[in-house]
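Chemist: Before I ask anything, let me first share the structure, which is written out below as structure tokens.
The values are calculated or read from the model by the stated rules, or taken from the named source; none is laboratory data. Not measured: the values here are computed from a predicted model. Cβ placement follows ideal geometry from the backbone for every residue including glycine, while neighbour counts extend to all protein chains displayed.
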Amino acid sequence: MFDSTKVLFTGGSGLLGGAVRKLLPDACFPSSTEFNVVAYEPMEAYLSRGDYKVLVHAAAFTSPPKVDKDPGRALEVNIVGTANVVRLCMAHGLKLIYISTDYVFRGDRGNYREDDPVHPVNKYAWAKLGGECAVRMYDNALIVRTSFGPNVFPYAKAFCDQWTSRLSVDQFAQKLVQLIPSGATGVVHVGGPRRTVYDYARSLDDAKEIQPLSIHDVDFSVPVDTSLDCRRYTELTSA
């Protein structure tokens, strides 16, 4: 039987951490101060005080425009920090679940499968792919590629020419919680139907006046279509 007290969740104070905490209140959600992924020895000390079997690694520097301005921080948190987490899981025999992104794909066709070639178009996605490379060094690990956002769309405009499988954070949290006890390894895609970001935003709140925006009107690189083929997720969770 699945024991959620054995689950340690990095990024516990973030958007996803808050959503998962509602579903798994007995799991452990340390703050970034308590469990800093760029500081290996303090993480080791924290882990020694508990009895954990699964580590869900969601802590990350996630804003593409901010990563463009501060790539060094993304290098430290998303690549070095993830490598530290992998080393920790190796040393203690923990199952690792790494939250990655649909942005690892070029975005030129969409409906990507887990074994399709990756080719990021911005520094944020390169940093997350660097994390994936570290996770691939550990056999007892699952890479979860996804896209999610707040339950209420936080912006006045949304891309009308970018396609996605994005979910609200609560929807993704529910799907993630089903994956944790599955024992799956490798890579799995988790998402909803293929639609534009504008249609996704409207689905969260029809009453909110959201205006269309083009990806050509922003000053950072945005992939056109990173929608995901999620059939493996269905296979893993339908048994």
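Chemist: Confirm whether R232 is under 30 Å from L8 (Cα atoms), crowded, with 16+ Cβ neighbours inside 10 Å and at pLDDT 95 or above.
Modeler: yes
Chemist: Given the residues S13, S63, which is the only one that is touching a Ser or Thr at 6+ places or on another chain (Cβ under 6 Å) and closer than 29 Å to S221 by Cα?
Modeler: After ruling out the rest, the residue left standing is S13.
Chemist: So, one more: What is the residue count in segment 197-209 for residues that are modelled with pLDDT of 95 or more and either in contact with a Lys or Arg (Cβ under 6 Å, 6 or more places away or on another chain) or not in a helix (DSSP H, G or I) (or both)?
Modeler: So the answer is 1.
Chemist: Only residues that are under 22 Å from L179 (Cβ atoms), touching a residue at least 60 places away in the same chain (Cβ under 8 Å) and either among the polar types (S, T, N, Q) or touching a Cys at 6+ places or on another chain (Cβ under 9 Å) (or both): list them for segment 59-94, please.
Modeler: Matches in segment 59-94: T62 only.
Chemist: I need the full set of residues from segment 101-121 which are free of Cβ contacts under 8 Å to residues at least 60 places away in the same chain and closer than 24 Å to V20 by Cβ, in order please.
Modeler: Within segment 101-121, T101, V104 meet the criteria.
Chemist: A further question on this structure: Going through D170, D116, D139 one at a time, which residue ends up being acidic (D, E) and either loosely packed, with under 15 Cβ neighbours inside 10 Å or touching a Ser or Thr at 6+ places or on another chain (Cβ under 8 Å) (or both)?
Modeler: Selected residue: D139, the only one of D170, D116, D139 that is acidic (D, E) and either loosely packed, with under 15 Cβ neighbours inside 10 Å or touching a Ser or Thr at 6+ places or on another chain (Cβ under 8 Å) (or both).
Chemist: For the subset of segment 1-17 comprising residues that are touching a strand residue (DSSP E or B) at 6+ places or on another chain (Cβ under 6 Å) and hydrophobic (A, V, I, L, M, F, W, C), which member is surrounded by the most Cβ atoms within 10 Å (Cβ to Cβ)?
Modeler: Among residues in segment 1-17 that are touching a strand residue (DSSP E or B) at 6+ places or on another chain (Cβ under 6 Å) and hydrophobic (A, V, I, L, M, F, W, C), the one surrounded by the most Cβ atoms within 10 Å (Cβ to Cβ) is F9.
Chemist: Now for a separate question. Tell me yes or no: at least one residue of segment 19-30 is touching a Ser or Thr at 6+ places or on another chain (Cβ under 7 Å) and under 30 Å from S221 (Cβ atoms).
Modeler: no
Chemist: In segment 34-47, is there at least one residue being surrounded by fewer than 21 Cβ atoms within 10 Å (Cβ to Cβ), of a type in the set (S, T, Y) and modelled with pLDDT under 95?
Modeler: Checked segment 34-47: no residue is surrounded by fewer than 21 Cβ atoms within 10 Å (Cβ to Cβ), of a type in the set (S, T, Y) and modelled with pLDDT under 95.
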